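Below is one structure; the comments refer to it alone.
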Amino acid sequence: MHGALFPRPRAVVAPGAVHVPAWLSEERQRELVEVCRDWARGPVPIRHTVLPSGGVMSVQTVCVGWHWQPYRYTRTAGDVNGARVAEFPDWLAELGRAAVAGAYGAPQESGAYDPASYAPDTALVNFYDGDARMGMHQDKDERSGAPVVSLSIGDRCVFRFGNTTDRGRPYTDVELSSGDLFVFGGPSRFAYHGVPKVYPGTADPATGMSGGRLNITLRETGLR
Ligand code: MD3
Ligand code: FE
C-alpha cells in the first residue's frame with residue numbers, strides 16, 4: 001500500500017542505478033502523455049520495431065531527436081516511412097538534467113557525475129499493452145557513457161535489472177509505477193535489463209492513459 005501516506009523510498013539498486021518513486025507529478029505525467037500522443041502520430045508514426053532476426057518487438061516505439069533502429073541511430077526512419085524524426089525539445093533535456101539531479105544529487109554528493117553536463121539528444125518512447133514485454137538486453141548503440149533516464153507512466157510493471165555480463169542471474173526485480181524515475185549511469189549504464197511483465201489495468205486514469213504503460217528513456221547518442 002503506497003501513496004502520500006506511505007511513500008516508497010528512493011533506492012540505489014546498484015552503483016549508479018537509482019530508483020526515485022513518484023518523481024513526476026500527476027500534471028507532468030498528463031503533459032508527457034499528451035506530447036507522446038503527438039509524437040506517436042508523426043512525422044514518424046509509432047510502430048513495432050522489426051529486428052534483423054525477423055522478430056517483431058511486442059512493444060511499440062516512437063523516437064525523438066534520433067531514430068533508433070536495431071542497432072544504430074539515424075536522423076531519418078528508413079525502416080518506417082523515411083521521414084526525419086521530431087526535433088528533441090530543450091524542455092526535455094532540461095527535464096533530463098532535473099531527473100539526474102533528483103536521482104544522484106549535486107555532483108559533490110554523487111562523487112562523479114555533474115547533472116548540469118547531461119545533454120540528452122534522443123528519447124525512445126515505448127508503449128506496452130498488457131501483453132508486451134521486453135527481453136533482457138544491453139543498450140550499447142550510444143557512443144556515450146552518460147546516464148540513461150527512464151520515466152514510467154501508466155500500468156505498473158516488473159522491471160528486471162541484471163548484471164553487465166549476461167542475461168541471466170544475478171538480477172533484481174523492481175516494480176515500476178506511474179510517475180517513477182530510474183537513472184542508470186556509471187557502472188550500471190551497460191547492465192542487461194528488461195521488462196518481463198506489465199500489470200494491465202493498474203494505471204490511474206488521472207494520467208490520461210486508459211490502459212497500457214508508457215516508458216520514456218532519455219539518452220545521449222554521442223552522435224552529431
Ligand atoms: C539500464 N526500456 O528502451 S526502461 C529501452 O521500460 C528499455 O521500456 C525499458 O530498456 C522500458 O532500451 C526499460 C529502463 C532502462 C532503460 C535503459 C537502460 C534501464 C536501463 C540502459 C542501461 C541500463
Ligand atoms: Fe534498454
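Among the residues of segment 166-181, write down those that are away from ligand 2 (no atom under 16 Å from the Cβ) and in a loop (DSSP other than H, G, I, E, B). Hits for segment 166-181 are Gly168, Arg169, Pro170, Ser177, Ser178, Gly179.
Criterion first (surrounded by 14 or more Cβ atoms within 10 Å (Cβ to Cβ), of a type in the set (Asp, Glu) and under 25 Å from Ala98 (Cβ atoms)) does Asp204 satisfy it? It is true that Asp204 is surrounded by 14 or more Cβ atoms within 10 Å (Cβ to Cβ), of a type in the set (Asp, Glu) and under 25 Å from Ala98 (Cβ atoms). Figure legend. Inter-residue proximity from segment 200-224: first residues touching a residue at least 24 places away in the same chain (Cβ under 8 Å) and among the β-branched types (Val, Ile, Thr), second residues more than 12 Å from ligand 1 (Cβ to nearest atom) and assigned to a loop (DSSP other than H, G, I, E, B), beta-carbon distance below 7 Å, spacing 6+ or different chains. Indicated pairs: Thr207/Ser178; Thr221/Trp66; Thr221/Asp121; Thr221/Arg143.
Every residue in segment 143-157 that is more than 9 Å from ligand 1 (Cβ to nearest atom) and either surrounded by fewer than 24 Cβ atoms within 10 Å (Cβ to Cβ) or in a loop (DSSP other than H, G, I, E, B) (or both), please. Within segment 143-157, Arg143, Ser144, Gly145, Ala146, Asp155, Arg156 qualify. Taking segment 1-83 as the region of interest, the strands (runs of 3 or more DSSP E) fully inside it that hold 2 or more residues being touching a residue at least 40 places away in the same chain (Cβ under 8 Å) are 11-14, 17-20, 56-64, 72-74.
Taken together, the values in this text are just the output of simple stated rules run on the coordinates, not laboratory data. All figures in this text were calculated on a predicted structure; none of them were measured in a lab. Counting neighbours? That spans all protein chains shown, and the Cβs are built from the backbone with ideal geometry, glycine included.
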